[in-house]
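The values are calculated or read from the model by the stated rules, or taken from the named source; none is laboratory data. What you see is a predicted model; the values in this text were computed from it and never measured. Glycine also receives a Cβ, built like all others from the backbone with ideal geometry; neighbour counts cover every protein chain displayed.
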Amino acid sequence: MEFGEVPLSEAEGAVLAHSMAVDGGRIRKGAVLTAADLERLAAAGQDRVWIARLGPEDVAEDAAAARLAAAIAPEPAALDLRIGAAGTGRVNLFATGPGIVEVDASAIAAINGVDPMITIATVPEWHRLEAGGMAATIKIIAYGVPEAALAAACAGAEGALRVRPAVLRRAMLIETEVGLPLGDKGRRALEMRLQRLGVGLEEYRVVPHRVEDLAEALAASEAEVLFVLTGSATSDPRDTAPDAVRVAGGTVERFGMPVDPGNLLFIGELGGRPVIGLPGCARSPALNGADWVLERVLCGVPVSGADIAAMGVGGLLKEMPSRPVPRVKGGAGARDLVGE
């Protein structure tokens, strides 16, 4: 591709590289210059202009962006994606419904490594989107790119990202009580989280904070995914809620997670159904570690103990103002750590 400043007499048919003022307005960058455009530029006192001129081996920016989008999602509906219209070298990819975004990081890196003028930016992996949310944006930075580079970028692009909708649609919440009024904060907060993915809370029970009662409620449920929120914080792998899962015939994969707020979460299974023990912070609508786990589980993404262990990088989340024991005494700016 040719790029540079040329006399007006050589600019017809080229792409205007920078917007320029003329009588009655301006000619915007990216316009293919016509004879009439050149006359207006000359009348405005211009005799030279910055242009880009594509060669026979180049692909124009909009066409290149559209080709890369089609290579990533040749059947976008099957990936729960919608491809937007191309403009100024950009094509956006949108979620067609609520879900979380699965990203093949190596494929995205490979696309971005072909040519600096060919780029794709995505939301973080497993980021939750509502219907119409933007999952990625493709941007061709130059006015055109070589066909060979575009072909190389497209070669390994298929399936580089997709939106995964919820596949578990029937949820149950069991809360335990320890003699104090529960209120409905926990139920309402979980319902909000589920509704964001189009999932309903079909069962809700309150039982005494005892292993036997909780185990009985777990075993009796017919929901596809089970949530437990205890009236007294779960503080050990052998505490009431994890033990209740075992007594009911299930297993506990992991207790505790390196995400704060959210440390006291546990995850297991009962009869092939996931069981998530929610930390107390899940009574708040604020982001916490439970969101990262339940969103994946609802969308059919397996979450192992190793997956939870890997959440520590980026796992220091914003602290909730209502937290009973803050990380730092005295709030922001204080130096004494709690417990020291």
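In this structure, does Pro98 turn out to be at pLDDT 95 or above, in the same structural domain as Ala152 (by TED's automatic domain parsing) and in contact with a Lys or Arg (Cβ under 7 Å, 6 or more places away or on another chain)?
Yes.
Can you pull out every residue in region 71-91 that is closer than 17 Å to Ala153 by Cβ and touching a strand residue (DSSP E or B) at 6+ places or on another chain (Cβ under 8 Å)?
Ile72, Ala73, Ile83, Gly89, Arg90, Val91
Output the residue which, of all residues in region 86-110 that are free of Cβ contacts under 8 Å to residues at least 40 places away in the same chain and not hydroxyl-bearing (Ser, Thr, Tyr), is surrounded by the most Cβ atoms within 10 Å (Cβ to Cβ).
Only one residue tops the list, namely Ala86.
With modelled with pLDDT of 95 or more and outside the structural domain of Thr122 (by TED's automatic domain parsing) as the only criterion, which of Ala160, Ala215 stands out?
Ala215
Just to verify a result, which residue in region 137-148, among those that are surrounded by 15 or more Cβ atoms within 10 Å (Cβ to Cβ) and under 24 Å from Leu81 (Cβ atoms), is farthest from the chain's Cα centre (by Cα)?
Narrowing region 137-148 to residues surrounded by 15 or more Cβ atoms within 10 Å (Cβ to Cβ): 137-140, 142-147.
Filter again for under 24 Å from Leu81 (Cβ atoms), leaving 137-140, 145.
Details: Thr137: 13, Ile138: 16, Lys139: 19, Ile140: 22, Val145: 29 Å.
Top of the filtered list is Val145.
Filter region 26-38 down to the residues that are in contact with a helix residue (DSSP H, G or I) (Cβ under 9 Å, 6 or more places away or on another chain) and not in a loop (DSSP other than H, G, I, E, B), then identify the one that is surrounded by the fewest Cβ atoms within 10 Å (Cβ to Cβ).
Leu38
Check whether at least one residue in region 162-180 is of a type in the set (A, V, I, L, M, F, W, C) and under 19 Å from Ala70 (Cβ atoms), and report yes or no. Steps first, please.
Residues of region 162-180 that are of a type in the set (A, V, I, L, M, F, W, C), as a first pass: 163, 166-168, 171-174, 178, 180.
Narrowing further to those that are under 19 Å from Ala70 (Cβ atoms): 163.
For region 162-180, residues of a type in the set (A, V, I, L, M, F, W, C) and under 19 Å from Ala70 (Cβ atoms): present.
To keep it simple, each residue is scored yes or no on (1) of a type in the set (Gly, Ala, Ser); (2) modelled with pLDDT of 95 or more; (3) more than 22 Å from Leu278 (Cα to Cα).
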residue: Trp126; (1), (2), (3): no, yes, no
residue: Met134; (1), (2), (3): no, yes, yes
residue: Gly144; (1), (2), (3): yes, yes, yes
residue: Ala152; (1), (2), (3): yes, yes, yes
residue: Ala155; (1), (2), (3): yes, yes, yes
residue: Arg164; (1), (2), (3): no, yes, yes
residue: Gly183; (1), (2), (3): yes, no, no
residue: Pro208; (1), (2), (3): no, yes, no
residue: Glu224; (1), (2), (3): no, yes, no
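Looking at region 1-25, which of its residues are part of a loop (DSSP other than H, G, I, E, B) and farther than 21 Å from Pro56 by Cβ?
Passing the criteria: His18, Ser19, Asp23, Gly24.
Could you run through region 232-274 and say how many residues are at pLDDT 95 or above, over 23 Å from Gly312 (Cα atoms) and among the polar types (S, T, N, Q)?
2
Having 2 or more residues that are touching a Leu at 6+ places or on another chain (Cβ under 8 Å) and touching a residue at least 40 places away in the same chain (Cβ under 8 Å) is the bar; report the strands (runs of 3 or more DSSP E) wholly within region 157-265 that clear it.
Here the list reads 161-164, 170-177, 225-229.
Find the residue count for region 100-115, including only residues that are under 15 Å from the mean Cα position of the chain (by Cα) and β-branched (Val, Ile, Thr).
The number of residues fulfilling the criteria is 4.
Being among the acidic types (Asp, Glu) and either in the same structural domain as Cys299 (by TED's automatic domain parsing) or in contact (Cβ under 8 Å) with a residue 40 or more places away in the chain (or both), is that true of even one residue in region 63-85?
For region 63-85, residues among the acidic types (Asp, Glu) and either in the same structural domain as Cys299 (by TED's automatic domain parsing) or in contact (Cβ under 8 Å) with a residue 40 or more places away in the chain (or both): present.
Output the number of residues of region 76-96 satisfying the condition of being closer than 25 Å to Pro146 by Cα and of a type outside the set (Lys, Arg).
Of the residues in that region, 10 qualify.
If a residue must be touching a Ser or Thr at 6+ places or on another chain (Cβ under 6 Å) and among the small types (Gly, Ala, Ser), how many such residues does region 235-276 contain?
2
State yes or no: is Pro56 within 18 Å of the chain's Cα centre (by Cα), over 30 Å from Gly315 (Cβ atoms) and not hydrophobic (A, V, I, L, M, F, W, C)?
no
Out of Ala153, Ala149, which single residue is more than 16 Å from Glu295 (Cβ to Cβ) and touching a residue at least 40 places away in the same chain (Cβ under 8 Å)?
Criteria check complete, one pass: Ala153.
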